[in-house]
Amino acid sequence: MTDGPGRVVVVGGGLAGLTAALASADGGADVTLLEARPRLGGAVFSFRREGITVDNGQHVFLRCCTAYRGFLHRIGSTSLTTLQPRLDIPVLEPGGRTGSIRRGRLPAPLHLTPTLLRYPFLDVADRLRVGRAARALARLNPGDPTLDERTFGTWLRASGQSETAIEALWDVFALPALNLPAEEASLALATKVFQTGLLHRRDAADIGSATAPLGTVHGDAAHRALTAAGAEIRLRSAAGSITLRPDGGLVVAAENAELHADAVVVAVPHDRVPALIPSGALADPHRLLGLGSSPIVNVHVVYDRAVTDLPFAAGLRTPVQWVFDRTVSSGLDRGQYLAISVSGADREIDRPTDELRATFLPALEQMFPRARAARVESFFVTRERAATFRQAPGTAALRPGALTAIPGLFLAGAYTDTGWPATMEGAVRSGLTAARYVAGFLQGTRSAAVVAA
């Protein structure tokens with residue numbers, strides 16, 4: 001290693017890579033960030049279509065997402081988001097029956113008792129059984145490997161939950177958080193979601209979202225923050241391979257250049273990692289492919305007038321799982337733009353747009369009667385085939401930590417073993433962990449050099 005602050009290359013400009021790069025630059029390292037695309041932000045981005053700015057997905061966060069909120073603060077984007085003062089989720093059923101999930105003022109988990117008692121989609125017996133299951137769930141250890149051997153749905157049924165309760169309550173949270181329904185999702189990850197978000201702190205599940213385009217909130221702001229911190233950003237620069245130098249340093253091949261580094265953070269999707277890292281970095285890198293993927297489909301509808309006053313809502317017994325009003329953030333100056341988020345979208349991912357239109361427009365009219373008199377000015381679909389890894393039983397053992405067997409080479413990404421599901425919070429936490437290892441490695445190398453001298 002040469003004298004100086006230490007040269008760090010971060011491969012990948014998603015939230016994990018941005019966090020790792022910024023934390024390393026803040027720590028004094030000489031950082032170069034490589035991103036294959038012409039923008040930063042990874043899976044959190046925006047694009048222009050038909051005169052409006054469209055987000056690729058409806059990425060919300062919770063008050064308990066402290067690392068992600070810290071990242072927003074660091075890049076100066078907190079003012080471009082909003083956070084509920086108190087959890088309040090409208091739940092709509094076709095035909096006009098409505099309910100809500102909101103927290104009260106009692107300490108957790110009693111803060112949800114009033115809403116449970118009034119929740120119209122469950123009968124008295126279901127409400128009592130939900131309360132008992134919530135208490136049992138709060139006592140589980142999400143780190144227990146045996147929990148990752150079962151699905152959340154299996155545990156719920158064994159805990160006395162009816163199919164109605166699973167659909168009307170548990171999956172309202174589990175499906176968007178885990179990108180799989182309870183029937184398929186890992187019990188270990190579901191335990192983490194419900195304990196951290198709903199059962200241990202009263203205010204943890206207050207919902208936050210962006211009030212500006214995701215590209216503005218994340219990629220643009222992070223670009224400015226990294227530049228101000230002295231980092232070099234190379235867009236349209238895909239890394240081809242990472243090799244070892246004889247002296248133990250690392251070389252990253254990228255777009256007609258070789259970057260020599262003391263430390264490298266690989267922050268790319270898990271299926272790209274095996275072809276990128278050197279042999280021996282992981283015992284069996286191809287095990288990462290076993291994490292699989294789970295898709296998300298977003299359905300975008302622009303009406304000629306407002307059809308709802310709600311900023312967002314969850315749907316019950318309808319194809320519309322969650323719907324968000326994105327009118328203001330898109331820049332639309334008339335009418336209303338609604339975006340539907342469909343998680344765990346295995347059935348929808350390959351359906352033609354015309355079929356999705358025939359499904360979702362009538363569903364929106366059933367949820368929002370005012371839509372029946374409105375004209376649809378635009379309808380389009382965006383598809384994220386590999387939105388997350390498939391958070392099913394057995395994945396805990398496949399998620400690697402940040403460390404590899406090669407000194408100075410670290411991994412980051414929501415797929416790594418963060419203890420969190422594949423969320424923006426998990427991605428940021430993985431970047432922070434990798435940056436801490438980078439800092440420790442660089443400091444340790446410097447100390448060794450001093451001793452050797």
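Calculate how many DSSP beta bridges within the chain are antiparallel, expressed in % of all such bridges and rounded to the nearest 5.
Numbers: 49 of 66 bridges.
Among the beta bridges of the chain, antiparallel pairing accounts for roughly 75 percent.
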Which whole-number percentage describes the relative contact order of segment 269-375, with Cα contacts under 8 Å and a sequence gap of 6 or more? 30
Under 5 Å between amide H atoms, partner at least 5 residues away or on a different chain: which partners does R49 have, H built in plane at 1.01 Å? V54
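Quote the FRET efficiency, to the nearest 0.05, computed for D346 versus T81 with a Förster distance R0 of 30 Å and r equal to the Cβ-Cβ distance.
E(calc), rounded to 0.05, equals 0.50.
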With charges set only on the Cβ (+1 for Lys and Arg, -1 for Asp and Glu), what does the dipole of segment 34-190 come to about its Cα centre, in debye to the nearest 20? 760
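Taking the Cα centre as origin and putting +1 on Lys and Arg beta-carbons and -1 on Asp and Glu beta-carbons, what dipole magnitude results for segment 104-202, to the nearest 20 debye? Write out the running numbers ahead of the final one.
Details: 12 positive and 10 negative charges, 136 e Å.
So the magnitude is around 660 debye.
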Can you tell me which of 431-438, 51-58 comes out highest on packing, and rank the rest after it, using the mean Cβ neighbours within 10 Å? 431-438, 51-58
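Taken together, the values in this text are just the output of simple stated rules run on the coordinates, not laboratory data. Since the structure is predicted, the reported quantities are computational estimates derived from the model, not experimental observations. When we count neighbours, we look across all protein chains shown, and the Cβ atoms used for this are built from the backbone with ideal geometry, even at glycine.
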